[in-house]
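This report concerns only the one structure given below.
The values are calculated or read from the model by the stated rules, or taken from the named source; none is laboratory data. Since this is a predicted model, take the numbers as computed values, not measurements. FYI the Cβ positions are ideal-geometry reconstructions off the backbone, even for glycines, and counts take in every protein chain you see.
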Amino acid sequence: MWSLPERAPSLSECASPFYTKSVKIALAQIDPTVGDFSGNLEKIIAVSRAAAEKGARLALFSELAICGYPPADFLEKPSFLARCRSAVAELAEATKELSCAVLAGVALPAPGGGKPAVNAAVLLDRGQLLLEQHKRLLPFYDVFDEQRYFVPAKSQQVVELDGVRLAISICEDAWNDKSFWPRRLYSIDPMEELMRQRPDIHLNLSSSPFWHGKRELRQRMLAAIAERDGIPVLLTNQAGGNDSILFDGSSLALNGRGELIAQAASFQEDLVIVDPFAAQPIAEPADDDTEAAYHALVLGTRDYVRKCGFKKAIVGLSGGIDSALVAAIAAEALGAENVLGVGMPSPYSSQGSIDDSRRLATNLGIRFEVIGISGLFTEFNRALEPLFTGQAIDITEENIQSRVRGNLLMALSNKFGSLVLTTGNKSEMAVGYCTLYGDMVGALAVIGDLVKTRVYAICQWLNREKEVIPAAILEKPPSAELRPDQKDTDSLPPYEILDPILEAYVERYETPEEIAEKLAVSRQLVEQVVRLVERSEYKRQQAAPVLKVTRKSFGTGRRFPIAVKVQV
């Protein structure tokens, strides 16, 4: 039993040595799969048992942990929601002998008409349902589409467990503090209503996607809430990847002064037991965005391949830095024995590119094969010659080389049951410096949310202790090698100039005028880049899913029409 007073203490009382209480809560951080009810329940039950064995009285799981997040249009299927309801009953039955209560997220059928579902948190203790709390704030921006499916809660209720008053919020419900955000998205703050009911502790179930800086922002926001309300705040966040969205985990606990007292691992499953009323503050973990991006992409690649039912991957190795990074990520995500690197030299490929690819493969321990495409390229040109008579050689012939390679990679994929990982970066995708049905073919765009300069930064980080990426790959000028002596700068500004323009226009929606002024570059150059971005939308909408690591990636969170006329 928990020993607590009848009312919640003030902040000063929390700091008093004469005010004592004790409760062990488990931050139960798992990696669920959408629709895998059996697998998700198996994890939740196993982790709940482990938490009970460690003395926890309550295990806190993430938002929609039972059915997986985000379920998207599965929520429109009555059979899916019925399975969600039966899964709650199964979980209650499986944990009824445990001394540890379970608090987990699930979608449930909405009462009445209108939207099909509610986003719920269920509190189960010894086989009994103590609470079914619905989410109130439903995000409808970036990758979120919750207003499409869910009915919002009209109110929220504090619940008691062994006399302890629990304020339970679901992800976005905690993201509208008027004292923290200069501009709020909602007119109500669910936490204000919950605090009027005098809870002892605030528990948040989250499926909060990762992007650069998100972990630090999330902690600062929750610390402000904890300090404002004077009670501990605990958050369990989902870990893992589902399609293009990555969840970093990084579950945490803060005391009533907003100090960090427990921290789960990032980018992996974890179980952390904490007594939020007795734990001492701990050191803040280092937050290196370069390292975090790498681990996020490894996790996203592993989960995408595994959750799609595959084990192996193929990467076309060009001798360039982009394919080198994708191969390194794949090797760590899937195991070197499950990655095949394929070099496909054309008449314009340098011997150095093949040598560099071979050395990379050796460093990574992956298999490397070479398929020359000069003969195939010649045959394509011969077949087209009657129709191309009198036409100058141009980008058409360059794209033929890329499309020959795409066909070979997909043939290997079909034959050996391996997924092709595309190697294009965000800079190239933004301006259309990529070939449909060529280098864009594949199942997953691993680095499609990294601008070129970030690709270099991650590769340099990888080489911090030993050579992973050969020095020659890092040092050579970027080139597609589709014509003699070709360099990327023949068609594009240097990446150190291009990337800040793209980040400003694509991620922050700044105008050409603002960008030119802030970056001290010509307005004409910015407008040229903007035109390339807008003209390339049709390519991006046919691209493989992009693993998201920035605030605004090319994917479900960025929705623009194709047939437009944009004035720059």
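Scanning the stretch 251-261 for residues that are in contact with a helix residue (DSSP H, G or I) (Cβ under 9 Å, 6 or more places away or on another chain), crowded, with 24+ Cβ neighbours inside 10 Å and touching a residue at least 60 places away in the same chain (Cβ under 8 Å) yields a count of 3. Candidates are the residues of the stretch 197-219 that are touching a residue at least 40 places away in the same chain (Cβ under 8 Å), of a type outside the set (D, E) and part of a helix (DSSP H, G or I); the one that is surrounded by the fewest Cβ atoms within 10 Å (Cβ to Cβ) is Q219.
Hey, does the stretch 159-177 have a residue that's without any contact (Cβ under 8 Å) to a residue 24 or more places away in the chain, in the same structural domain as L58 (by TED's automatic domain parsing), over 20 Å from S207 (Cα atoms) and part of a loop (DSSP other than H, G, I, E, B)? So far as the stretch 159-177 goes, no, none of its residues is without any contact (Cβ under 8 Å) to a residue 24 or more places away in the chain, in the same structural domain as L58 (by TED's automatic domain parsing), over 20 Å from S207 (Cα atoms) and part of a loop (DSSP other than H, G, I, E, B). Note on the stretch 331-360: residues that are in a loop (DSSP other than H, G, I, E, B) and more than 22 Å from K312 (Cβ to Cβ) amount to 6. Just one of the listed residues (A264, A279, A313, A226) is of a type in the set (A, V, I, L, M, F, W, C), within 22 Å of I458 (Cα to Cα) and either surrounded by fewer than 24 Cβ atoms within 10 Å (Cβ to Cβ) or at pLDDT 95 or above (or both), namely A313. Kindly provide the set of residues from the stretch 531-552 that are without any contact (Cβ under 8 Å) to a residue 60 or more places away in the chain and either touching a Pro at 6+ places or on another chain (Cβ under 8 Å) or part of a helix (DSSP H, G or I) (or both), ordered by number. Hits for the stretch 531-552 are R531, E534, E537, Y538.
Out of all the residues in the stretch 54-72, which are within 25 Å of the chain's Cα centre (by Cα) and either part of a loop (DSSP other than H, G, I, E, B) or basic (K, R) (or both)?
Looking only at the stretch 54-72, we keep the residues that are within 25 Å of the chain's Cα centre (by Cα), and these are 59-72.
Selection gives F61, S62, E63, L64, A65, I66, C67, G68, Y69, P70, P71.
For every residue, the table says whether it meets (1) over 16 Å from F277 (Cα atoms); (2) assigned by TED's automatic domain parsing to the domain that holds D145; (3) in contact with a strand residue (DSSP E or B) (Cβ under 8 Å, 6 or more places away or on another chain); (4) β-branched (V, I, T).
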residue: M191; (1), (2), (3), (4): yes, yes, yes, no
residue: M195; (1), (2), (3), (4): yes, yes, yes, no
residue: N204; (1), (2), (3), (4): yes, yes, yes, no
residue: S207; (1), (2), (3), (4): yes, yes, yes, no
residue: K214; (1), (2), (3), (4): yes, yes, yes, no
residue: Q219; (1), (2), (3), (4): yes, yes, yes, no
residue: A226; (1), (2), (3), (4): no, yes, yes, no
residue: I231; (1), (2), (3), (4): no, yes, yes, yes
residue: A239; (1), (2), (3), (4): yes, yes, yes, no
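If you go through the stretch 46-60 one residue at a time, do you hit one that is surrounded by 17 or more Cβ atoms within 10 Å (Cβ to Cβ), among the small types (G, A, S), closer than 20 Å to D243 by Cα and in contact (Cβ under 8 Å) with a residue 12 or more places away in the chain? No, that holds for no residue. In the stretch 510-530, the residues that are of a type in the set (D, E, K, R) reach residues that are modelled with pLDDT under 95 with C-beta atoms within less than 7 angstrom, at least six apart or across chains, in these pairs: E527/V568. Annotation note: of L75, L98, L130, the sole residue that is at negative phi and assigned to a loop (DSSP other than H, G, I, E, B) is L98. Comparison of D248, D303, D289 shows that the only residue that is touching a residue at least 24 places away in the same chain (Cβ under 8 Å) and either over 21 Å from D449 (Cα atoms) or in contact with a helix residue (DSSP H, G or I) (Cβ under 7 Å, 6 or more places away or on another chain) (or both) is D248.
Of the candidates E465, E527, the single residue that is more than 24 Å from S318 (Cβ to Cβ), acidic (D, E) and in the same structural domain as V305 (by TED's automatic domain parsing) is E465.
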